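Below: one structure, written as structure tokens.
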Amino acid sequence: QVQLVESGGGLVQAGGSLRLSCAVSGRTVSRNTMGWFRQAPGKEREFVACISWSRSSNYADSVKGRFTISRDNAKKAVYLQMSSLKSEDTAVYYCATSSRAYSDVPTGYDYWGQGTQVTVSS
């Protein structure tokens with residue numbers, strides 16, 4: 001079993017920055033792909049970014065150049081640095097892990113956190 005706990009969400013003005021963290025416990029995930037997804041009210045959960053065990057990363061087009069994903073296996077943590085935030089970034093952000101594939105779809109992930117709310121005011 002793997003437990004994921006997100007933190008760092010909050011209310012920020014458009015153009016501002018936030019750093020989300022995901023603390024990992026339980027079975028080791030150092031060889032797993034780690035991902036961030038988000039879900040806005042009334043919308044489906046969508047891919048934001050992922051990072052492989054070798055630190056290759058992939059981003060949704062909507063966040064490229066503004067968001068950066070990173071991981072610290074020694075600290076068992078994954079981070080999402082978000083800058084130049086827009087109102088359309090408002091959502092609940094979820095951390096997830098996959099032992100199977102470098103994936104940009106929710107079904108590619110095995111374990112999920114409870115999410116952290118990010119609200120961007122315009």
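The values are calculated or read from the model by the stated rules, or taken from the named source; none is laboratory data. This is a predicted model, so every value here is computed, not measured. With ideal geometry, Cβ positions are generated from the backbone for all residues, glycine too; neighbour counts draw on all protein chains shown. The protein model used for the area step is the full one, side chains on, heavy atoms only, and it has no ligands, DNA or RNA in it. Shrake-Rupley method; radii C 1.70, N 1.55, O 1.52, S 1.80 Å.
Inside the range 17-30, can you point out the residues that are surrounded by fewer than 22 Cβ atoms within 10 Å (Cβ to Cβ) and modelled with pLDDT under 90?
Hits for the range 17-30 are Arg27, Thr28, Ser30.
Any residue at all in the range 75-92 that is loosely packed, with under 13 Cβ neighbours inside 10 Å, more than 15 Å from Leu20 (Cα to Cα) and modelled with pLDDT of 95 or more? Walk me through how you get there before you give the answer.
Taking the range 75-92 first, the residues loosely packed, with under 13 Cβ neighbours inside 10 Å are 75, 87-88.
Filter once more, keeping what is more than 15 Å from Leu20 (Cα to Cα): 87-88.
Still in the running and modelled with pLDDT of 95 or more: 87-88.
Checked against the condition, which is being loosely packed, with under 13 Cβ neighbours inside 10 Å, more than 15 Å from Leu20 (Cα to Cα) and modelled with pLDDT of 95 or more, the range 75-92 yields at least one hit.
Condition first: more than 13 Å from the chain's Cα centre (by Cα) and closer than 24 Å to Ser25 by Cα. Now tell me which residues in the range 59-97 satisfy that.
Hits for the range 59-97 are Asp72, Asn73, Ala74, Lys75, Lys76.
Can we say Val63 is touching a helix residue (DSSP H, G or I) at 6+ places or on another chain (Cβ under 9 Å), in a loop (DSSP other than H, G, I, E, B) and surrounded by 14 or more Cβ atoms within 10 Å (Cβ to Cβ)?
Yes; evaluated as a whole, the condition is true for this residue.
Tell me, yes or no, whether the range 46-56 has at least one residue that is out of contact with any Cys (no Cβ under 9 Å at 6 or more places or on another chain), within 18 Å of Ser83 (Cα to Cα), hydroxyl-bearing (Ser, Thr, Tyr) and open to solvent by 50 Å² or more (accessible area, probe 1.4 Å).
No: zero hits.
Being free of Cβ contacts under 8 Å to residues at least 60 places away in the same chain and within 19 Å of Gly8 (Cβ to Cβ) narrows it down to one residue among Arg71, Arg27, Arg38, Arg55; which is it?
Testing whether each residue is free of Cβ contacts under 8 Å to residues at least 60 places away in the same chain and within 19 Å of Gly8 (Cβ to Cβ) leaves just Arg71.
Please specify each residue of the range 31-45 satisfying the condition of being of a type outside the set (Asp, Glu) and open to solvent by 30 Å² or more (accessible area, probe 1.4 Å).
Once the filter is applied, which keeps residues that are of a type outside the set (Asp, Glu) and open to solvent by 30 Å² or more (accessible area, probe 1.4 Å), the range 31-45 yields Arg31, Gln39, Pro41, Gly42, Lys43, Arg45.
Go through (1) in contact with a helix residue (DSSP H, G or I) (Cβ under 9 Å, 6 or more places away or on another chain); (2) open to solvent by 40 Å² or more (accessible area, probe 1.4 Å); (3) of a type in the set (S, T, N, Q) one by one and return the number of the condition Ser98 breaks.
Checking Ser98 against (1) in contact with a helix residue (DSSP H, G or I) (Cβ under 9 Å, 6 or more places away or on another chain); (2) open to solvent by 40 Å² or more (accessible area, probe 1.4 Å); (3) of a type in the set (S, T, N, Q), the one that fails is (2).
Please go through the range 101-122 and pick out each residue that is in a loop (DSSP other than H, G, I, E, B) and surrounded by fewer than 16 Cβ atoms within 10 Å (Cβ to Cβ).
Passing the criteria: Ala101, Val105, Asp110, Gln114, Ser122.
Provide a single number: the residues in the range 44-60 that are of a type in the set (Asp, Glu) and either in a strand (DSSP E or B) or farther than 17 Å from Val92 by Cβ (or both).
Keep residues of the range 44-60 that are of a type in the set (Asp, Glu), which gives 44, 46.
Narrowing further to those that are either in a strand (DSSP E or B) or farther than 17 Å from Val92 by Cβ (or both): 46.
Number satisfying all stated conditions: 1.
Can you tell me how many residues within the range 14-53 are in contact with a Leu (Cβ under 8 Å, 6 or more places away or on another chain) and within 11 Å of Val118 (Cα to Cα)?
Within the range 14-53, residues that are in contact with a Leu (Cβ under 8 Å, 6 or more places away or on another chain) and within 11 Å of Val118 (Cα to Cα) number 4.
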